[in-house]
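Before any comments, here is the structure.
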Amino acid sequence: MAKVTQTSSRKADHIRINLTEDVRSGLTTGLERYRFVHQAVPELNLDEINLCSTLFGKTINAPILISSMTGGTDQAERINLTLAEAAQRTRIAMGLGSQRVAIEHPELAPSFQVRRVAPDILLFANLGAIQLNYGYGISECLKAVEMIEADALILHCNSLQEAVQPEGNTRFAGLLGKIEAVCKALPVPVIAKEVGWGFSERATSLLAEAGVTAIDVAGAGGTSWSQVEMHRAENESQKRLAAAFIDWGIPTADSILNVRKAAPELLVFASGGLRTGTDIAKCIALGAALGGMAGPFLKAASRSVEATIQTIGEVKHEIQVCMFATGAKDLEALKSTELLIQSSTH
Ligand SMILES: Cc1cc2nc3c(=O)[nH]c(=O)nc-3n(C[C@H](O)[C@H](O)[C@H](O)COP(=O)(O)O)c2cc1C
């Protein structure tokens, strides 16, 4: 029970700190450097713009993902059910938080099981890739997928977060071969995801060789997990270590381009600091299939299903207006829309 209590209190800390403290990265997403070319004569009707796409066999009505966040406590279960109901009613995609706690304590599985309110959504399971170096294998990955009837498995790569956590798992050597074995054996696609520091070209190439189907960049510019850990630190020394990484990471825009360049065949999910529909539209123009947000949806879900649906609706509408004003009738057209790069002196 001690372990459940420890993990539960860490999860509760994460939610509390993300809701009440300033945990923003010192970096920006890099998206502010890009602008769309305005089209005064779009030759389109706003209400006919199509935001639908099909991913892993499921249709989503807007290119929006509720990024992986939580599970494992009563509060986390309420948040997951709120997010899932909103995702079902708007037909967007959703990821659950790391399911390790429920693999180790199956009685906690219901806090992740959202299919009862969201039977149709594109849904992602989640485990820390590092667990593959601490005894996990294909069977635990399969359990995570089956536990929530997921369409794909996200393996999050959070080396820096583990390194600034007093209780972190930091033995990352030899992980790629294990990721490769999981990609080969699992009946669903595997997505590699960061947690807010992005992917380099080198990391992308290694993961592509290991066989992942997609990369969720989770770049720098939004929630900073070193800042979250700084607020959890138990002493000044831990606090100073975490605080040193406020400006760390690869901004989301750069990370999308890294993945496109190093592995053009991979599907790219954009996330990390996306806060508006325009941010998501820019990511799609840079080559992403959709854009994910964590922090903003956590805040909405702490209020209600309706507040979450409203947030989703506003983001979706803004994407639609962006597409209208750039003359893109659907997401394929948005992908090939030109973006202007701002000079840094402006
Ligand atoms: C409360 C909270 C818990 C999170 N837990 C997980 C997790 O279990 N697994 C994971 O892959 N990412 C997790 N993340 C990271 C997010 O999925 C996302 O990559 C990161 O917060 C950056 O996105 P943002 O700037 O939109 O918040 C969590 C984020 C938050 C806010």
_Pick from segment 251-264, criterion more than 13 Å from the ligand (Cβ to nearest atom) and β-branched (Val, Ile, Thr), ranking: nearest to TRP197 (Cα to Cα)_ = ILE256
*asked:* Of all residues being within 11 Å of the chain's Cα centre (by Cα) and either over 23 Å from PHE56 (Cβ atoms) or near the ligand (Cβ under 8 Å from one of its atoms) (or both) in segment 265-279, which is surrounded by the most Cβ atoms within 10 Å (Cβ to Cβ)? Just the residue, please.
replied: GLY272
_Take VAL101 and tell me if it is modelled with pLDDT of 95 or more, closer than 14 Å to THR82 by Cα and of a type in the set (Val, Ile, Thr)._
no
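Let's see how each residue does on (1) within 11 Å of the ligand (Cβ to nearest atom); (2) farther than 28 Å from ALA152 by Cα; (3) free of Cβ contacts under 8 Å to residues at least 60 places away in the same chain; (4) touching a helix residue (DSSP H, G or I) at 6+ places or on another chain (Cβ under 6 Å):
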site	(1), (2), (3), (4)
SER25	yes, yes, no, no
GLU32	no, yes, no, no
ASP47	no, yes, yes, no
SER53	no, no, no, yes
THR73	no, no, no, yes
ALA84	no, no, yes, no
*What helices (runs of 4 or more DSSP H), lying completely within segment 289-338, carry at least 1 residues that are away from the ligand (no atom under 16 Å from the Cβ), closer than 27 Å to LYS193 by Cα and in contact with a helix residue (DSSP H, G or I) (Cβ under 9 Å, 6 or more places away or on another chain)?*
305-325, 331-335
*Under 9 Å by Cβ, and 6 or more places apart or on different chains, what pairs join a residue from segment 195-219 that is under 19 Å from LYS178 (Cβ atoms) with one that is away from the ligand (no atom under 14 Å from the Cβ) and among the polar types (S, T, N, Q)?*
PHE199/ASN258; ARG202/ASN258; ALA203/ASN258; THR204/ASN258; ILE215/THR204
_Boolean, VAL114 is over 24 Å from VAL217 (Cα atoms), at pLDDT 95 or above, touching a strand residue (DSSP E or B) at 6+ places or on another chain (Cβ under 8 Å) and among the β-branched types (Val, Ile, Thr)_ = yes
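The values are calculated or read from the model by the stated rules, or taken from the named source; none is laboratory data. All figures in this text were calculated on a predicted structure; none of them were measured in a lab. Here Cβ is always computed from backbone atoms with ideal geometry, including for glycine, and neighbour counts include all displayed protein chains.
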